[in-house]
Amino acid sequence: MKVLFLGGTGNISTACVEHALASGHEVAILNRGQRPSPFGSRVKTISGERGDTALLRRSAETEGFDAVVDFLAYRPEQVEAATLAFGSHIGQYVFISSASVYERPLVHYVVTEETPRANPFWEYARQKIACEERLLAAYRQQGFPLTIVRPSYTYGPSWIPSGFGGQDYTVVDRIRRGLPIVCHGDGTALWTMTASSDFAVGLVGLLGRKDALGESFHITSDEVLTWDGVYRAIGRAAGREPELVHVPSDLIAALYPERGGSLLGDKASSAVFDNAKIKRFVPEFKTRMLFADGMARSVAWFDADPERRTVSEKANAMIDRVIAAQRRALGG
């Protein structure tokens, strides 16, 4: 099968390209070429902008792709361009949406694909919902070969997850130096962290399946953690128990409105995902990477090369400001 990834070198998409190659697919990626491809001659690289509709159309017409996986669409006009560019030239268009499209606050903490979609807190999620609606209309009205996939928080081998404070070495550095880190809320909200390698099994397993057209799937881990548990697992991988300062999400959002949407519209709510649907379609999908093992892998990646251990002074300043505000609020 010939597969085109729009994107292909990001946190999630790199693992998906690797799994597609391992599954025997012929793979091409389209991106701006701003980072070196880790795949070498194993993939065909098409250099260009995601918004170049003419380039997308030429690629579809000349290459005859069986499936296109779009990691780079965030606004309705972008998916509208995809419907015009690909039309009847491909067998399947997989839109990478987001599990943040599900209603917030959740009425029930277990999320299925039938959970209503509505997010008044986060513009990113509302744009993804609008993308889905535009694509579903094209599927119903024009037979556009759509499949929707919704990842939740997904991390790769060089990624340290955090609800607040970045995804680089900064949080590990603070833990190792005995500095406090922020945990939003009281740390007991239920959350799901998915390894990109596990996500890739589900995504690639959907490619070429005609019964997946018109369907939506979330693909997440079955392992459920609290946010306290997330940070303690990172601390164990880093070799030191973290000092957690619990801060209301509303306070963080007031201090940093640009971070408020992803907290109030996503991470502040408990979210446990029922993966029964993806397992019916892709029986080989399952949770292979537990979060503790994933963090041991990620920390080892940073430790393998001192140049990787970059620390964001901006993130440090934000964390310190939030902690100071919380301690003042508590009279400390």
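Consider residue 297 carefully, then state whether it is among the basic types (Lys, Arg), closer than 20 Å to residue 239 by Cβ and loosely packed, with under 13 Cβ neighbours inside 10 Å.
no
Suppose we keep only residues that are surrounded by fewer than 16 Cβ atoms within 10 Å (Cβ to Cβ) and free of Cβ contacts under 8 Å to residues at least 40 places away in the same chain within the range 251-275. Which one would you say is nearest to the chain's Cα centre (by Cα)?
258
Where in the range 51-156 are there helices (runs of 4 or more DSSP H), lying wholly inside it, with at least 1 residues that are among the acidic types (Asp, Glu) and within 20 Å of the chain's Cα centre (by Cα)?
Correct list: 123-142.
Quick one: would you say residue 245 is part of a strand (DSSP E or B), in the same structural domain as residue 302 (by TED's automatic domain parsing) and either among the β-branched types (Val, Ile, Thr) or within 21 Å of the chain's Cα centre (by Cα) (or both)?
In short, yes.
Please go through the range 35-50 and give me each residue that is under 26 Å from the mean Cα position of the chain (by Cα), more than 19 Å from residue 79 (Cα to Cα) and not in a strand (DSSP E or B), ordered by number.
Of everything in the range 35-50, those that are under 26 Å from the mean Cα position of the chain (by Cα), more than 19 Å from residue 79 (Cα to Cα) and not in a strand (DSSP E or B) turn out to be 35, 36, 37, 38, 39, 40, 42, 43.
Just checking, does the range 4-27 include any residue being in contact with an Asp or Glu (Cβ under 6 Å, 6 or more places away or on another chain), touching a residue at least 60 places away in the same chain (Cβ under 8 Å) and part of a strand (DSSP E or B)?
Scanning the range 4-27, I find at least one residue that is in contact with an Asp or Glu (Cβ under 6 Å, 6 or more places away or on another chain), touching a residue at least 60 places away in the same chain (Cβ under 8 Å) and part of a strand (DSSP E or B), so the answer is yes.
Restricting attention to the range 15-24, report how many residues are surrounded by fewer than 19 Cβ atoms within 10 Å (Cβ to Cβ) and touching a Leu at 6+ places or on another chain (Cβ under 7 Å).
So the answer is 0.
I'd like to know if the range 99-108 contains one or more residues that are farther than 30 Å from residue 270 by Cβ, surrounded by 20 or more Cβ atoms within 10 Å (Cβ to Cβ) and in the same structural domain as residue 29 (by TED's automatic domain parsing).
no
Does the range 310-324 hold any residues that are closer than 16 Å to residue 178 by Cα and either assigned to a loop (DSSP other than H, G, I, E, B) or not assigned by TED's automatic domain parsing to the domain that holds residue 252 (or both), and which are they?
Residue satisfying the conditions is 311 alone.
Okay, residues lined up against (1) surrounded by 16 or more Cβ atoms within 10 Å (Cβ to Cβ); (2) touching a residue at least 24 places away in the same chain (Cβ under 8 Å); (3) not basic (Lys, Arg):
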position: 38; (1), (2), (3): no, yes, yes
position: 42; (1), (2), (3): no, no, no
position: 47; (1), (2), (3): no, no, yes
position: 52; (1), (2), (3): no, no, yes
position: 57; (1), (2), (3): yes, yes, no
position: 64; (1), (2), (3): no, yes, yes
position: 67; (1), (2), (3): yes, yes, yes
position: 72; (1), (2), (3): yes, yes, yes
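The values are calculated or read from the model by the stated rules, or taken from the named source; none is laboratory data. Computed from a prediction, not measured in an experiment: that's the story for all the values here. Cβ: placed from backbone, ideal geometry, glycine included. Neighbour counts: every protein chain shown.
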